[in-house]
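Notes follow once the structure below has been shown.
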């Protein structure tokens with residue numbers, strides 16, 4: 001007859017529990033450390049220097065901007081590497097701005113930020129050359145109407161093949 005006796009299993013000791021517990025918490029601490037590093041390293045910065053001061057005029061600026069009744073149509077032509085912003089009034093006519101400042105960047109990282117110089121074309125739209133790699137982009141616009149009314153907008157768009 002064959003010997004069918006099995007070896008007894010190794011007992012689960014306190015050292016096994018210590019290794020298991022340290023491994024468990026080690027993974028949690030490592031993941032939290034990685035996530036904290038990524039959160040801090042990709043933070044693009046403050047939106048405003050003092051949120052209380054900015055909030056004092058927010059409602060008036062919002063009402064004034066809505067009173068302009070402008071519509072914005074944005075487009076990016078990847079083959080021409082050109083950004084196009086068309087502002088129209090309530091009647092569909094192009095709007096001439098006193099000034100415009102545009103920021104194009106990634107939503108979570110300031111490393112690829114661009115400030116293209118916009119020029120008004122013959123059709124009334126504002127255009128600027130801008131080379132954007134594939135992916136999600138944020139467009140932040142600060143402009144003034146001829147009477148000085150502030151216009152601000154932030155939109156997101158994708159550059160695809």
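Any read-out appearing in this document is the output of simple, stated calculations on the displayed coordinates, not a laboratory observation. Quick caveat, the model's predicted, so the values are computed rather than measured. So basically every Cβ, Gly included, is an ideal-geometry build from the backbone, and we count neighbours across all protein chains shown.
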Likely footprinting exposure, 28, 141, fewest C-beta neighbours within 10 Å first = 28, 141
Relative contact order, percent, of the chain when contacts are C-alpha pairs under 8 Å separated by at least 6 residues?
-> 18
Rounded to whole angstrom, the alpha-carbon centroid of the range 63-77 lies from that of the range 9-58 at a distance of 40
Cα long-axis angle, helix 58-68 against the chain (0 to 90 degrees, to the nearest 10) = 50
With Cα atoms, 0 to 90° folded angle of helix 14-41 axis to the chain main axis = 10
R0 = 45 Å: FRET efficiency of residue 56 with residue 28, Cβ-based, nearest 0.05?
-> 0.55
What's log10 of I(q)/I(0) for the range 55-161 at q = 0.11, 0.14, 0.22 Å⁻¹, Debye sum over Cα points only, no solvent?
-> -0.36, -0.58, -1.24
Calculated from DSSP H runs of 4 or more alone, at -39500 (n - 2.57) each and per residue, what is the 222 nm mean residue ellipticity of the chain, nearest 500?
-> -9000 deg cm²/dmol
Normalised by the residues of the range 70-159, what does the relative contact order come to in percent, with Cα pairs under 8 Å and at least six apart?
-> 28
